[in-house]
Amino acid sequence: MPYALLLEHGLRKDCAQHLWTTTEQQFEAATEKVGDKAKRLEAEPRPDKEPKYYLLQSPYKHVPMTAAQASRCNGALAPGAKSAPQQWLSPRQIALLERIQKAPTRKWPIAVDVPILQAWAKLQG
């Protein structure tokens, strides 16, 4: 995806406090759009060691999800996030989350690292 298009999508979604750039061209384009929010990375970005960190610290870790749902819920659980993670869940998932929250001492399996159909089957068994 071209940087200018990525920049437009990000601005429409209001998905970051800063806009990080890796090249001078990106920095100039970002500065033009967001001013001081544009920041220059001094080194290559490193992959996240635990991409589901916030999800795994919450009861949501026991709810079977698709990879896209897990990513969105994880972002919504991060400090300062502006959205609620439940908006990304189906009614069935929300009902399960409510059951999990009502029985926190039960040994619920961790479901977010398992394919969604397999995770649901594990809960049934």
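The values are calculated or read from the model by the stated rules, or taken from the named source; none is laboratory data. Keep in mind it's a predicted model, so treat the numbers as computed, not measured. Don't worry about glycine lacking a Cβ; one is built from the backbone with ideal geometry, like all the others, and counts go over all protein chains shown.
A few remarks follow.
- Selection from region 102-122 of residues that are surrounded by 12 or more Cβ atoms within 10 Å (Cβ to Cβ), in a helix (DSSP H, G or I) and not hydrophobic (A, V, I, L, M, F, W, C): Lys122
- Where Leu96 falls short, out of the listed (1) closer than 14 Å to Leu55 by Cβ; (2) surrounded by 15 or more Cβ atoms within 10 Å (Cβ to Cβ): (1)
- Scanning region 40-80 for residues that are farther than 21 Å from Lys122 by Cα, modelled with pLDDT of 90 or more and part of a loop (DSSP other than H, G, I, E, B) returns Ala78, Pro79.
- Residue list for region 29-56, filter: free of Cβ contacts under 8 Å to residues at least 24 places away in the same chain and under 13 Å from the mean Cα position of the chain (by Cα): Asp48, Glu50, Pro51, Tyr53
- One residue stands out among those in region 1-29 that are assigned to a helix (DSSP H, G or I) and under 26 Å from Pro79 (Cβ atoms): the one that is modelled with the lowest pLDDT, which is Lys13.
- Checking region 9-25 against the condition returns no match, with no residue being surrounded by 15 or more Cβ atoms within 10 Å (Cβ to Cβ), within 30 Å of Glu98 (Cα to Cα) and touching a helix residue (DSSP H, G or I) at 6+ places or on another chain (Cβ under 8 Å).
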